[in-house]
1. Being closer than 25 Å to Arg195 by Cα and over 27 Å from the mean Cα position of the chain (by Cα) narrows it down to one residue among Phe138, Phe83; which is it?
2. How many residues, within the range 165-186, are out of contact with any helix residue (DSSP H, G or I) (no Cβ under 9 Å at 6 or more places or on another chain) and surrounded by fewer than 14 Cβ atoms within 10 Å (Cβ to Cβ)?
3. Kindly list, by first and then second residue, each pair from a residue in the range 187-200 that is under 15 Å from Glu88 (Cα atoms) to a residue that is open to solvent by less than 60 Å² (accessible area, probe 1.4 Å) and acidic (Asp, Glu), limited to pairs with Cβ atoms under 6 Å and residues at least 6 apart or on different chains.
4. For residues in the range 99-124 being of a type in the set (Gly, Ala, Ser) and open to solvent by 30 Å² or more (accessible area, probe 1.4 Å), which is nearest to Leu74 (Cα to Cα)?
5. Going through the range 124-175 one residue at a time, which ones are assigned to a strand (DSSP E or B) and touching a residue at least 12 places away in the same chain (Cβ under 8 Å)?
6. Could you grab me the full set of residues in the range 170-180 that are touching a Lys or Arg at 6+ places or on another chain (Cβ under 9 Å) and under 13 Å from Thr100 (Cα atoms)?
7. Specify the residue that is modelled with the lowest pLDDT; the eligible residues are those in the range 133-149 that are surrounded by 10 or more Cβ atoms within 10 Å (Cβ to Cβ) and of a type outside the set (Phe, Trp, Tyr).
8. Tally up the residues in the range 151-164 that are of a type in the set (D, E, K, R) and in contact with a helix residue (DSSP H, G or I) (Cβ under 6 Å, 6 or more places away or on another chain), please.
Amino acid sequence: MNQAHLVSRFTWVMNRRWSRVRYSWRAADKEPWVFALVIGVIVITFGIVLSAAFTYKDERKRAFVAHENDQRNLTCLARNVYFEARGESRSGQHAVAEVTMNRVASGRFLETVCGVVHQKSWDAVRKRYVGAFSWTEFGTLPTPTDEEWQQAWKAAEAVYYGTEEPVVKGALFYHASHIMPDWATGKKPLSRIGRHVFYK
């Protein structure tokens, strides 16, 4: 039996089987198949809708949490600008905000804006923990709501979201210009802006 005959025989067998399948399908009761197909489509559609709903809910939850974190961070940053540099120029306020954000990014301080703002370290001279920013040592402070607070908030937003060029790039420290603290010795001064001197 040659190859051509084998191919022909195989084709004939397959055609016969396919004819039987088509005949069986035509003769069969299709209602159960149609019912199963409809149910399958409904289940798949429901699954897709449910999955999309959960995805949307998760995305909204993540967006809400991110927004809440941003608002918390911005409030801490703006309060730091307000209590450390209200009355300073726009550049002076930006510089204070930059130092705060640079500390967050440095890995040498706490990892959140609020953590950095309220961070305390042990002072061997005073025998107590002292705040990195002096205003944080006061027990209670009034909630700022005046025009200076609006300016501090704008400076905080600009630095937090990086919408403007840095004025003291890389600065991690500053002090009032009328004093010279021991820690400033050996540090590289970057700039003096208003009543503050900034260092790397």
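The values are calculated or read from the model by the stated rules, or taken from the named source; none is laboratory data. Note that the coordinates shown come from a computational prediction; the quantities given were computed from them, not determined experimentally. Because the Cβ atoms are built from the backbone with ideal geometry, glycine has one as well, and the counts that use them run over all protein chains shown. Only protein heavy atoms, including side chains, enter the accessible area calculation; ligands, DNA and RNA are left aside. Shrake-Rupley method; radii C 1.70, N 1.55, O 1.52, S 1.80 Å.
1. It is Phe138.
2. 11
3. Gly194/Glu88
4. So the residue we want is Ala105.
5. Scanning the range 124-175 gives Gly131, Phe173, Tyr174, His175.
6. Gly170, Ala171, Leu172, Phe173
7. Checked the range 133-149; the qualifying residue modelled with the lowest pLDDT is Leu141.
8. Here the count works out to 1.
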